[in-house]
Amino acid sequence: MAEIPILDIQGVGKTYVLNDSRIEALRDANLTVKKGEFVCLIGASGCGKSTLLRIVAGFEAPSAGQALMWGKPIAGPAPDRGMVFQDYGLFPWLSVRENIGFGPASRGRPKAEVRDTVERFISLIGLTRFADAYPHQLSGGMKQRVAIARVLANDAEVVLMDEPFGALDAMTRERLQDELLELWQRTGLTVLFVTHSIEEAIFLSDRVVVMEPGPGRIASAHQVELPRPRDVASPEFNEVRRELGLRLHSHHAKKAA
Amino acid sequence: MSDVTLTQAPVARPVPALRLWRRVRPVLLSLIVPLLLLLGWHWAVAAGMTRLIPSPAEVAEYMVDFAVGGIWDDAFSATLHIHLLASASRVYGGFVLAALVAIPLGLLIGRNAFVRQLLDPFLQLMRPIPVTAWLPLSMILFGLGARSAFFLVFLGAFYPILLNTIFGVKNVEPRLFEAASMLGCRGNAQFFKVVLPAALPSIFTGLRLGLGLAWFVIVVGEMTGVPQGLGAVIMDGRTLSRTELVICGMIVIGIAGFISDRVVVLLMNRLLRWSPSHHG
Ligand SMILES: Nc1ncnc2c1ncn2[C@@H]1O[C@H](COP(=O)(O)OP(=O)(O)O)[C@@H](O)[C@H]1O
Ligand SMILES: [Mg+2]
């Protein structure tokens, strides 16, 4: 057997029980992710993208199959897997500095080390002037930078992002996409990224995983071979976008038939 | 990555006269209604609409006597500080005791299902009983006097603090627990790092309501036959048919309650600077 993948999702299913009804959110999902890979999950809402991400994060336990990290079953949330939520999930009573230092401080790192880490990440995300601001004083893009830095400052190997830029305006979103790619290339992170946008998926990822609803499952996966940095206006990019769009729609058409 | 934008656009500095006007205006506005009331009161008395209520000027004169003496020199002259101190010590004593019991209890009830099932039904059952209804029982339990007043203030302040603490603890955003646990803060550590700070605005709301109610019930509490206290002054004024004394007592309670509320608000705005609804 070849090297162990950082993430290995084997036949994972999830059924929520709500009062008396059962909702099958995810069925027989299989996916392996190599270290350093950037993988996007795309699909209509309700097809289990968030569920899959939350299982990898350890917030939910699978009802069937198993999710492995470095070959070991995921038993719960841990700092090696950091989640970036669409609604940020920052602690409103902590400043930017304290939010970023929360993880290292919780894990009992020495004070001086925490301070150094925090300063490094604050300047990395360009928020030095806002180090002492509280979340409600920041714009959406700034909050999401803090949420990303908070996860990275805590030595996360896998970053899970659930429509992280969905609430941002187009310009901020593009800037954060560039920043995220820059970080990813510099640090060798592994990223699992949920999006609604085909363009965002192709711009960011090495591989696009298409999911389908009813019940949620993985329909297909597509390697994106375009060289980086990618140009969304180039004919090659458009070709890939067209192809992927057709695939997505053919899935839907099949379902409708 | 460096060109960040301020969310709050800088406001152009207004000229000094305008700045002064901006600060004075709200004060002036807030004085209009009380002044109109005072005028109405004055005219009503002057027109002979009532003989039982003294005019504002008479009350003002009596207030001076009540505070520093030298005008009437009766049993109440220059005794304001004694009564105020007596009432304030009961208000703050009962309030602090209520906070010391209600906050930990509320945290427990909000967090622990066992404690909640044990105590919540009982507390909900006791809650609708008004403080005034406790008066006779409290006189039997604690006798005629300061301890009874203290107990009633405690009861009055207890429920708003308790209920708001429970509310705050139960309404912590679930997202924040997820964020804490993925960052390595788990189990009991979350209590101090997440639950307590997240519940703090609600706890403060409870404290503010509780302190307001403490001033509210002090009159009832001091009806139980205490010699000193603003409630006692009002009761004495009633029995002696000295309405100016009653009104003086009311005014002092109003002002004292107002000032103590401002102190809580100031403290709250300082401690909750992070909260968008508490601009410090
Ligand atoms: N906690 C939950 N309880 C019950 N049903 C849920 C829960 N979370 C998600 N679901 C259901 O599971 C399905 C998949 O949801 P989700 O994973 O959030 O999809 P997506 O992120 O792709 O929109 C949906 O039908 C949703 O209503
Ligand atoms: Mg979702």
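The values are calculated or read from the model by the stated rules, or taken from the named source; none is laboratory data. Source: prediction; values computed, not measured. Cβ placement follows ideal geometry from the backbone for every residue including glycine, while neighbour counts extend to all protein chains displayed. SASA here: full protein model, heavy atoms, side chains in, ligands and nucleic acids out. Shrake-Rupley method; radii C 1.70, N 1.55, O 1.52, S 1.80 Å.
Among the listed pairs A:Lys14/A:Lys143; A:Lys143/B:Lys193; A:Lys34/A:Lys111; A:Lys49/A:Lys72, a Cα-Cα separation exceeding 28 Å is found for A:Lys14/A:Lys143; A:Lys34/A:Lys111. Couplings 3J(HN,Hα) of the stretch A:200-210, computed from phi: 4, 4, 6, 4, 8, 9, 7, 9, 10, 9, 9 Hz, in residue order, whole Hz [Karplus 6.51 cos²θ - 1.76 cosθ + 1.60, θ = phi - 60°; x for Gly and Pro].
Once a ≥ b ≥ c are taken as the square roots of the eigenvalues of the Cα gyration tensor of chain B, is the result rounded (a/c under 1.5), prolate (a/b larger than b/c) or oblate (a/b not larger than b/c)? Kindly include the intermediate steps, with their values, before the conclusion.
Numbers: a/c = 3.03, a/b = 1.35, b/c = 2.25.
Oblate.
Under a Gaussian network description of chain B, with springs only between Cα atoms under 10 Å, the residue in B:Leu176, B:Leu162, B:Leu29 that fluctuates furthest is B:Leu29. Spatial offset of the stretch A:158-230 relative to the stretch A:116-155 amounts to 21 Å, using the alpha carbon center of each. Where only DSSP H runs of four or more residues are counted, chain B gives -24000 deg cm²/dmol as its mean residue ellipticity at 222 nm, each run worth -39500 (n - 2.57). For chain B, hydrophobic long helices are taken as DSSP H runs at least 20 Å long by C-alpha position along their axis with mean Kyte-Doolittle hydropathy of 1.0 or more; these are B:16-46, B:80-111, B:146-170, B:196-221, B:243-271.
Per DSSP H run of at least 4 residues, take -39500 (n - 2.57); add these up for chain A, divide by its residues and hand me the 222 nm value, nearest 500 deg cm²/dmol. Let's see the in-between values first.
On the way: 7 runs with 94 residues, N = 257.
It lands at -11500 deg cm²/dmol.
Springs join every pair of Cα atoms under 10 Å in this Gaussian network model of chain A, and among A:Ala201, A:Ala131, A:Ala78 the largest mean-square fluctuation is at A:Ala78.
Over chain B, Cα pairs under 8 Å with separation of 6+ residues give a relative contact order of 19 percent. Here the contact order of the stretch A:90-156, divided by its residue count and restricted to Cα pairs under 8 Å and six or more residues apart, works out to 51 percent.
Less than 11 Å Cβ to Cβ from B:Arg208, Lys/Arg counted +1 and Asp/Glu -1: what total charge do the surrounding residues give? Once all neighbours under 11 Å are counted, the net charge is 0. Looking at the protein assembly as shown, the DSSP beta bridges with both ends there are about 55 percent antiparallel.
Sum up the charges of everything whose Cβ sits under 13 Å from the Cβ of B:His278, counting Lys and Arg as +1 and Asp and Glu as -1, but leave B:His278 out. Numbers along the way, then the final one.
On the way: positive: B:Arg208, B:Arg270, B:Arg273; negative: none.
Once all neighbours under 13 Å are counted, the net charge is +3.
Remark: the protein assembly as shown carries 51 Å² of accessible area per residue (probe radius 1.4 Å; ligands, DNA and RNA excluded). Over all other residues within a Cβ to Cβ distance under 13 Å of A:Met69, the charged ones net out to +1, with Lys and Arg as +1 and Asp and Glu as -1.
Rounded to the nearest 10 degrees, the inclination of helix A:235-256 to the longest alpha-carbon principal axis of chain A is 60 degrees.
Would you work out the relative contact order for the stretch A:150-257, in percent, from Cα pairs under 8 angstrom that are 6 or more residues apart? This gives 20 percent for the stretch A:150-257.
Only one residue of B:Asn171, B:Gly212, B:Val101 has its Cα farthest out toward the positive end of the dipole of chain B, where Lys and Arg carry +1 and Asp and Glu -1 on Cβ, and that residue is B:Asn171. DSSP beta bridges confined to the stretch A:117-257 are antiparallel in about 55 percent of cases.
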